[in-house]
1. Here are the criteria: (1) assigned by TED's automatic domain parsing to the domain that holds Phe20; (2) surrounded by 12 or more Cβ atoms within 10 Å (Cβ to Cβ). Tell me which single one Ala79 does not satisfy.
2. So if I check each of Ser61, Ser41, which one is among the polar types (S, T, N, Q) and loosely packed, with under 10 Cβ neighbours inside 10 Å?
3. Looking only at the stretch 28-77, filter to residues that are outside any helix (DSSP H, G or I) and closer than 19 Å to Asn98 by Cβ; which one of those is nearest to the chain's Cα centre (by Cα)?
4. Quick one: which residue in Ser102, Ser91 is polar (S, T, N, Q), surrounded by 12 or more Cβ atoms within 10 Å (Cβ to Cβ) and more than 30 Å from Phe20 (Cβ to Cβ)?
5. Quickly run through the stretch 21-70 and pick out the residues that are under 29 Å from Arg95 (Cα atoms) and of a type in the set (Asp, Glu).
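The values are calculated or read from the model by the stated rules, or taken from the named source; none is laboratory data. Because the structure is predicted, anything quoted here is derived from the model rather than measured. Backbone-built Cβ (ideal geometry, glycine too); neighbour counts: all protein chains shown.
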Amino acid sequence: MYRKLRRVWSHNDMNHIPEFRKLFPELNHISSEEMRDRWASLGIDFYTKEKAPVGILTRLSLPFAVIFALGMFVSMPFAFMVTGRWGYQVSKKGRAFNWLASVFGE
């Protein structure tokens, strides 16, 4: 997940101020420069999500990912009968979910 993040440099921090004002109306009385100085003094950095290119092997595994996802969907009732929980736990199937997320563009 962290490989998709790109740090926003100091001159771009000002682009985030209007979004903060929408989320937190109580910040309207603080000027943009003062808000930027407060973030700098606290050491707060901003990151934007950057699209990462998908590798060729990941793209070639798309047919297998579709079959695997369908298999997981079909086997969900059987997993429910065994475990008593509907769905899959991400912690136990971490690699499989990461692979599916990378194939399907998450």
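1. Tallying (1) assigned by TED's automatic domain parsing to the domain that holds Phe20; (2) surrounded by 12 or more Cβ atoms within 10 Å (Cβ to Cβ), Ala79 fails exactly one: (1).
2. Ser41
3. Restricting to residues being outside any helix (DSSP H, G or I) and closer than 19 Å to Asn98 by Cβ, the top hit is Lys49.
4. Being polar (S, T, N, Q), surrounded by 12 or more Cβ atoms within 10 Å (Cβ to Cβ) and more than 30 Å from Phe20 (Cβ to Cβ) holds for just one of Ser102, Ser91, which is Ser102.
5. Answer for the stretch 21-70, where residues must be under 29 Å from Arg95 (Cα atoms) and of a type in the set (Asp, Glu): just Glu50.
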